[in-house]
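Peer 1: Quick one: this structure, given as structure tokens, is what I'll be asking you about.
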Amino acid sequence: MHDRRKKKIFPDDFLWGVATSAFQLEGSPHADWTTWDPVISEKPLITDHYRLFRQDLRLLKELGVNAYRFSIEWSRIQPREDTWDLEAIAHYQEIIDILRSCHIEPMLTLHHFTHPRWFMERSPWHRTASIEKFLRFTEMMVSSLKGVRYWLTFNEPYVILLGGYLEGCTPPGLRDVPRSLVALKNIFTCHGKAYDIIHRYIPGAQVSLAHNMSVFAPWKRWNPLDRLLKKTANYFYNHSIINAFQTGIFIIKFPFSKPVEIEVPIKDKLDFFGINYYTRIHLRFNPFRKMGVELRYADIEGHGLTKMGWEVHPRGLAKVLRYASRLDLPLMITENGIATHDTGEKVKYMKKHIDVVEKCLRDGIDVRGYFYWTLIDNYEWLQGLDARFGLYRVDFETLERTPTFAATYYAYLIQSRSGM
Ligand code: BGC
């Protein structure tokens with residue numbers, strides 16, 4: 001009885017998927033990250049997915065997913081500004097064809113953090129020329145690749161800006177607030193224009209981006225400054241982007257300063273909203289830290305911390321879904337997952353978050369899909385190769401893939417919840 005009631009909650013066309021990104025699986029000799037991080041020069045092929053992709057795509061069948069989010073590596077497609085690598089395009093087309101032949105819906109991300117080196121050297125995001133470069137690439141992809149209905153223009157634009165323009169820990173490695181604002185305008189302008197290009201070529205396309213929504217909390221509830229930081233972070237991270245899609249204006253507000261308004265051509269340029277959700281962040285005012293902010297992850301409710309040190313906070317997923325539903329658009333969880341070496345933890349994380357999705361569906365929130373991050377262990381950016389988000393474990397020496405119990409469990413959850 002219990003099971004039968006559960007089956008009704010997830011609609012038949014709910015997208016049960018896993019998400020990956022090209023560079024994290026296969027690297028690229030032409031990408032900016034390859035020279036940025038010494039880990040990549042030691043292991044340039046990472047999991048060698050570029051060669052082993054057929055075998056990896058078979059794992060999707062094993063899982064029984066009906067959707068797969070992946071990205072194309074721009075620097076493989078356009079290794080030099082004047083060169084399009086047709087074999088690389090054919091490679092990604094083959095992935096799409098395999099997915100289609102297995103009745104797995106492809107969701108394609110155009111930009112997932114990495115760039116061709118020439119792009120970063122000549123026209124990074126704070127230069128106006130970046131817009132034309134990215135749109136040329138978009139048009140090339142949209143006109144060449146056949147069989148994709150779901151498109152994500154950018155993965156986590158805020159992370160590109162925070163890492164590349166404020167923290168300086170990712171390319172182009174700047175700490176420059178004025179340039180970060182120009183980059184924001186250019187990236188979102190690209191989104192708006194790419195939205196139109198995709199629709200021009202593909203009638204019925206579903207276009208979005210993946211934004212990492214987060215839950216923020218004051219470090220000490222009684223401290224008004226911590227509470228103010230929480231409000232500010234929440235406004236910037238979760239509200240300003242939603243507002244910009246509704247109005248075409250980004251409003252950036254920091255305490256005790258005049259709000260900055262940036263016009264961006266993205267009003268209504270969204271067919272669904274892609275949400276990456278992982279954790280909750282506690283904030284504390286600390287005058288000795290950059291911008292007066294210190295953040296921490298704390299195991300407040302006893303769900304534990306992940307290998308990234310992040311708090312496991314399933315309730316937060318309901319919070320961000322509820323918040324995002326003010327867009328009045330279908331919502332898609334484009335990433336959710338845990339870094340851990342302990343499969344039991346992985347299973348618990350997955351179950352708790354999918355339970356939350358189920359509850360949200362019951363409450364009438366329009367969630368259309370859930371993509372677990374990620375299929376196989378991969379390169380986790382600044383954390384290197386040890387984070388282990390995969391449903392399948394990768395031995396980085398032999399490249400062998402081994403299912404973890406979480407893979408079996410995900411397959412079971414998909415079957416039991418969807419009635420597939
Ligand atoms: C990114 C992924 C990353 C994951 C875990 C997301 O923010 O899109 O590339 O691996 O988080 O950190």
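The values are calculated or read from the model by the stated rules, or taken from the named source; none is laboratory data. Note that the structure is predicted; figures quoted are calculated from it, not measured. Here the Cβ is made from the backbone with ideal geometry for all residues, glycine too, and neighbour counts use every protein chain on show.
Peer 1: For segment 233-258, how many residues meet the condition of being more than 20 Å from G192 (Cα to Cα) and part of a helix (DSSP H, G or I)?
Peer 2: 3
Peer 1: Could you tell me whether any residue of segment 322-333 is at pLDDT 95 or above, of a type in the set (S, T, Y), more than 16 Å from the ligand (Cβ to nearest atom) and surrounded by 18 or more Cβ atoms within 10 Å (Cβ to Cβ)? Break it down into steps so the answer makes sense when it comes.
Peer 2: From segment 322-333, those at pLDDT 95 or above are 322-333; that's our starting set.
Within this subset, residues satisfying the condition of being of a type in the set (S, T, Y) are 323, 325.
Right, trim to more than 16 Å from the ligand (Cβ to nearest atom) and you get 323, 325.
From the residues that got through so far, the ones that are surrounded by 18 or more Cβ atoms within 10 Å (Cβ to Cβ) too are 325.
Yes: one or more hits.
Peer 1: For segment 1-9, check the following and say yes or no: at least one residue is out of contact with any helix residue (DSSP H, G or I) (no Cβ under 9 Å at 6 or more places or on another chain), of a type in the set (A, V, I, L, M, F, W, C) and surrounded by fewer than 17 Cβ atoms within 10 Å (Cβ to Cβ).
Peer 2: For segment 1-9, residues out of contact with any helix residue (DSSP H, G or I) (no Cβ under 9 Å at 6 or more places or on another chain), of a type in the set (A, V, I, L, M, F, W, C) and surrounded by fewer than 17 Cβ atoms within 10 Å (Cβ to Cβ): present.
Peer 1: With the requirement that a residue be within 16 Å of the ligand (Cβ to nearest atom) and crowded, with 20+ Cβ neighbours inside 10 Å, what does segment 281-296 give you? Full working, then the answer.
Peer 2: Filtering segment 281-296 for residues within 16 Å of the ligand (Cβ to nearest atom) gives 281, 295.
Listed by number, the list holds a single entry, I281.
Peer 1: Sticking with this one: Here are some conditions: (1) within 25 Å of M120 (Cα to Cα); (2) of a type in the set (K, R); (3) surrounded by fewer than 23 Cβ atoms within 10 Å (Cβ to Cβ). R76 meets all but one. Which one does it not meet?
Peer 2: Only one criterion is unmet by R76, namely (3).
Peer 1: Can I ask one more? Applying the selection to segment 363-385, what residues are away from the ligand (no atom under 15 Å from the Cβ), assigned to a loop (DSSP other than H, G, I, E, B) and touching a helix residue (DSSP H, G or I) at 6+ places or on another chain (Cβ under 6 Å)?
Peer 2: I365, the sole residue that qualifies.
Peer 1: Give me the residue from segment 11-42 that is among the charged types (D, E, K, R) and within 16 Å of the ligand (Cβ to nearest atom) and, out of that set, surrounded by the fewest Cβ atoms within 10 Å (Cβ to Cβ).
Peer 2: D37
Peer 1: Continuing with the same structure: Test of understanding: among I266, I252, which residue is out of contact with any Asp or Glu (no Cβ under 7 Å at 6 or more places or on another chain) and modelled with pLDDT under 95? Give the steps one after another, and end with the answer.
Peer 2: Numbers: I266 fails: modelled with pLDDT under 95.
Only one candidate passes the filter, namely I252.
Peer 1: So which residues in segment 128-179 are of a type in the set (S, T, N, Q) and surrounded by fewer than 19 Cβ atoms within 10 Å (Cβ to Cβ), if there are any at all?
Peer 2: Across segment 128-179, the qualifying residues are T128, S143, S144.
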